[in-house]
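What follows is one structure encoded as structure tokens, with my remarks underneath.
The values are calculated or read from the model by the stated rules, or taken from the named source; none is laboratory data. Nothing here was measured: the structure is a model prediction, and the numbers come from that model. Cβ: placed from backbone, ideal geometry, glycine included. Neighbour counts: every protein chain shown.
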Amino acid sequence: MPRQRHRFKRQDGSVRKGRKAKAPSWQPIEPLEPRMLLSTMGPPDGLRPFGADALDGSEFMLGEVYVNVVLFESTVDSGAGVTEDWSQQRINQVKSEIEIGVNWWKDTLDNVFPNNQHYLNFNFHFTQADDPVEVDDEPITRNGFDNQQDSVVFDLIGDFLASEGLAVPASDTARLDALRNYNDQLRLANNTHWAFTVFVVDSLNDVDGAFADGSFAFANRGGPMFVMTYDNSTTGINSMEVVAAHETAHMFWGLDEHTEGESYTTRSGYYNTQNTNAYIGHPAPATRMPSIMAEPDAASPAYQVTAYQNDTSWR
């Protein structure tokens, strides 16, 4: 499967800040359909959801989801380029922001579909957040996106796999699949339907809170992970919950709708849904709704969902 990369739109071409907007009015939303053979009946008791294999880690956003949160700590000498050092207070802040952001989707399901027969629940694993994975450089000084030279992403995957005593494949694609298989084992061991991993890189002392290429939050669509910096560029740690909510959508095949995202005609998700709320190519852009996938600050906490509800199977 080809890698898909996503990030927030940047207002000035370098830094994205969610623009403020009034909470949108309610829009008609289709009822959820029964999906009794899939993940809506409860945890699969050590089995994968019907029809899923080991690499299908987050196919649609219903049921029990295991969220593995991993932080990284440089071990090189302070005189050799180390600028960041996690404190327990900041680690706790990261954990809280991620829980709030990811659970935005649970709250959205409950508020938009109050009488539905389905459920969504996120289970958080913070072992490697409280005890960050040690790495031999300062990750924030590297490029972020996995299509950039000197990208840190696949080194972080390798460092994490090694910390778990697992073999580290040589190729980028194989490392992604190794992380997918790791998530699969978490899912089976914890009786959840789906699992994904979150990587957080410290950026407290970095000048712009972003990687060297300007990226600060990005995901591999459909899993197995998304990546954030502590500061989320210049928006700060208090914006991490919004960033986490946005990136969680990508774990379940959600598409970006902003002006640097996917186009109006792009399709994705369990139902191969068209990206009808996208800016790019929209036949009547004035009719768009503010959305977590384009204007995250405007969508939170208004529980506003758009075509993305169908990307994740909410229909």
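Looking at ALA212, ALA219, ALA286, just one residue is under 29 Å from ARG175 (Cα atoms), of a type in the set (A, V, I, L, M), at pLDDT 90 or above and surrounded by fewer than 18 Cβ atoms within 10 Å (Cβ to Cβ), and that residue is ALA212.
Among the candidates SER87, SER58, SER96, SER74, which residue alone is closer than 25 Å to ASP206 by Cα, buried (at least 21 other Cβ atoms within 10 Å of the Cβ) and either among the aromatic types (Phe, Trp, Tyr) or at pLDDT 90 or above (or both)? Just one listed residue meets the conditions, SER74. With respect to (1) touching a Ser or Thr at 6+ places or on another chain (Cβ under 7 Å); (2) part of a strand (DSSP E or B); (3) of a type in the set (A, V, I, L, M), the lone exception for LEU71 is condition (1). Just the residues that are outside any helix (DSSP H, G or I), crowded, with 16+ Cβ neighbours inside 10 Å and over 17 Å from the mean Cα position of the chain (by Cα), please, taken from region 99-120. Within region 99-120, PHE113, ASN116, HIS118 meet the criteria. Where strands (runs of 3 or more DSSP E) fall entirely within region 182-286, those with at least 2 residues that are under 30 Å from THR83 (Cα atoms) and out of contact with any Lys or Arg (no Cβ under 8 Å at 6 or more places or on another chain) are at 194-201, 225-229. Going by the structure shown, is ASP177 within 19 Å of the chain's Cα centre (by Cα), crowded, with 19+ Cβ neighbours inside 10 Å, over 24 Å from MET240 (Cβ atoms) and of a type outside the set (Gly, Ala, Ser)? No: the conditions fail for ASP177.
Filtered by the rule that a residue be of a type in the set (Ser, Thr, Tyr) and surrounded by fewer than 19 Cβ atoms within 10 Å (Cβ to Cβ), region 247-263 gives THR259, SER263. Restricting PHE199, PHE226 to those that are closer than 17 Å to MET61 by Cα, aromatic (Phe, Trp, Tyr), modelled with pLDDT of 95 or more and under 14 Å from the mean Cα position of the chain (by Cα) reduces the list to PHE226. Of the residues screened, VAL168 is not one that is modelled with pLDDT under 95, over 17 Å from the mean Cα position of the chain (by Cα) and among the hydrophobic types (A, V, I, L, M, F, W, C).
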